[in-house]
Amino acid sequence: MSTAAYRASTGDHSTRPGFWRAPFSRAAFRELGFALSGLPVAVLGFSLVVALFSTGTGLFVTMLGLPVLALLTIAGRGFGAVERFRIRTLLDLDLPDPREVVPDRKGAWGAVTARLGDAAGWKGALYQFVMFPWAIISFVVSLVFFTVGWALLLFPAYQWVWPRYTDWNGYRVADWTDSHGVHHVYELVSPFQIAGVSLLGVVFILLTPQLVHALNGANRLAARALLAGR
């Protein structure tokens, strides 16, 4: 299957920039935005889903748990819609919305039973539950790689701070005393050392878009399985 045909069949219309251009591309910043914005959404979704599920199952024997579980599927649908919007706008992956819930019977009880049978709502709630740990991992790893990369790249611009405002000759990497009482100090002072730090930052910056794209790949797979309409 060709690349164009694959994207058409999966709804993925994104184009990946080249390796060298990726750190400065709009696609890379959108993917980074998806990874960073996913944590607050995941915290809210996970907390609400766990609270409603625990309350609903705890009250199940009294029948009062059924409306709570129906509310859980409504929340699952709502968070599913939020995730599809984020995936559509930030990952350029268009997922179809699920069909609306149509009660078979009139009245409040008919609405409750219809929500309890809503597969899209249950899958949306499941997505919030299973992807919560991944949202934490994606947020932390993406933020660390992005900030460390740029901090290292720009090191030559602020390395003068340490000799000017501290008693260090340069950024102190190591400072210890060995078992023989000899004091060892390792500081970044030479132009080659400073340039090496900046070069290491370039490596981080080049790898960050690839890493973030791979992390978001798990969200793409989970969304296709749990959030795409049927």
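The values are calculated or read from the model by the stated rules, or taken from the named source; none is laboratory data. Just so it is clear, the structure is predicted and the values come from calculations on it, not from any experiment. Note that we place each Cβ from the backbone using ideal geometry, even for glycine, and neighbour counts take in every protein chain shown. What goes into the accessible areas is simple: the full protein's heavy atoms, side chains included, and nothing from ligands, DNA or RNA. Shrake-Rupley method; radii C 1.70, N 1.55, O 1.52, S 1.80 Å.
Quick look at the values:
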| item | result |
| --- | --- |
| For segment 108-203, with +1 on Lys and Arg beta carbons and -1 on Asp and Glu, the positive-most of 201, 184, 126 along the dipole | 126 |
| Among 227, 139, 155 the positive-end extreme of the charge dipole of the chain (Cβ point charges) | 227 |
| Solvent-accessible surface ranking, highest first, for 113, 208 at 1.4 angstrom | 113, 208 |
| Extended-chain gain in nm, criterion 0.36 nm per residue less alpha-carbon gap, residue 44 and residue 166 | 39.6 nm |
| Cα radius of gyration and Dmax for segment 66-109 (Å) | 13.6, 40 |
| Dipole axis of the chain (+1 Lys, Arg; -1 Asp, Glu on Cβ), positive-most option in 23, 81, 214 | 81 |
| Label corresponding to Cα Rg over 2.2 N^0.38 Å when calculated from the structure given, among [x] 1.44; [y] 1.04; [z] 1.13 | [x] |
| Relative contact order for segment 106-230, counting Cα pairs under 8 Å that sit 6 or more residues apart, in percent | 33 percent |
| Using a Förster distance of 45 Å, the FRET efficiency for residue 175-residue 62 (Cβ separation, nearest 0.05) | 0.10 |
| Accessible area of the chain divided out per residue, in Å², using a probe of 1.4 angstrom | 57 Å² |
| Extension gain, residue 88 back to residue 24 (0.36 nm per residue minus Cα-Cα distance, nm) | 21.0 nm |
| Axial C-alpha extent at least 27 Å, average Kyte-Doolittle at least -0.5 - helices from the chain (DSSP) | 26-58, 65-90, 132-153, 191-226 |
| Kirkwood Rh, angstrom, segment 120-198 [1 / mean 1/r, Cα pairs] | 16.2 Å |
| Among 192, 24, 155, residue whose mean-square fluctuation peaks in a GNM of the chain (springs only between Cα atoms under 10 Å) | 192 |
| Cα pair distances exceeding 21 angstrom across segment 79-150, given as percent | 48 percent |
| C-alpha center-to-center spacing [segment 96-118, segment 194-224] in angstrom | 42 Å |
| Point-to-point label distance, residue 106-residue 182, nm (Cα→Cβ direction, 7 Å offset) | 9.3 nm |
| Whole-percent carbon and sulfur share, accessible surface of the chain, 1.4 Å | 70 percent |
| The chain - charge dipole about Cα centre, Lys and Arg +1 at Cβ, Asp and Glu -1, debye rounded to 20 | 920 debye |
